[in-house]
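> Sending over a structure as structure tokens; questions will come in a sec.
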Amino acid sequence: MSGPPALFLDRDGNLIRDHHHTCREDQIELIPGVKEALRACLREGYLLFILTNQSGINRGIFTWEQYEACNRRMLELLDLPSPGILEIKAAPERPDEPSLYRKPSPRFILEKIAQYGIDPARSWMTGDRISDWEAGFNAGIRSGAMRSGAARPEDLLQAAQQGFAIHADFPEFVRAELGLKF
């Protein structure tokens, strides 16, 4: 396939600091270098998508309105040039509930690959949890494991054994795996 490459990005622990059920705008803090890394990706033609599990919604910890306010704050801080983040998909289900989109489901990734004509061979899913890496694997794209969030040492060992790229954070991933300078 000769379409554009894409990055499917987990939110908490990958783009912003993870506060375990982040639900207040004042908690939104970009991981250092993320804004510049995403701008570099956009300049190279990467399409950007966010795919995030947000079980705090169905657990009653926070509301859709609070989640959306956090996203607005994140996008404001990122201040990306067009096209920016094309879509954000949240799965509000708890791990024990049926869900079409909760990672490690590849459904959202596969839908966007078909919709946008994305080249899977040049695309990645990045995040700080096993479910992130497995979503990429399940969709047939590469996966990057970030240590910047909730990744446990045993999870990172498993990621390494499965051949996933492991990096300190998303900016380091962009430099090392995508070869971009910023």
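Where a number appears in this text, it was derived from the coordinates with a stated rule and is not lab data. Quick caveat: nothing in here was measured; it's all calculated off a predicted structure. Positions of Cβ are generated from backbone atoms using ideal geometry, with glycine treated the same way; all protein chains shown enter the neighbour counts.
> Only one of these conditions is not met by L48: (1) surrounded by 13 or more Cβ atoms within 10 Å (Cβ to Cβ); (2) outside any helix (DSSP H, G or I); (3) more than 13 Å from the chain's Cα centre (by Cα). Which number is it?
Going through the list (1) surrounded by 13 or more Cβ atoms within 10 Å (Cβ to Cβ); (2) outside any helix (DSSP H, G or I); (3) more than 13 Å from the chain's Cα centre (by Cα), L48 breaks only (3).
> Taking only the range 93-119 into account, find how many residues are assigned to a loop (DSSP other than H, G, I, E, B) and under 21 Å from G136 (Cβ atoms).
The qualifying residues number 13.
> Please go through the range 137-160 and pick out each residue that is under 15 Å from F173 (Cα atoms) and not aliphatic (A, V, I, L, M).
R142, S143, G144, R147, S148, G149
> Being farther than 16 Å from L38 by Cβ and touching a helix residue (DSSP H, G or I) at 6+ places or on another chain (Cβ under 7 Å) is the requirement here; does P171 meet it?
no
> On the given criteria, is K35 touching a strand residue (DSSP E or B) at 6+ places or on another chain (Cβ under 7 Å) and charged (D, E, K, R)?
no
> Applying the selection to the range 56-99, what residues are surrounded by 15 or more Cβ atoms within 10 Å (Cβ to Cβ) and β-branched (V, I, T)?
I57, I85, I88
> Counting only residues that are surrounded by fewer than 16 Cβ atoms within 10 Å (Cβ to Cβ), give me the strands (runs of 3 or more DSSP E) lying completely in the range 120-180 with at least 1 of them.
none
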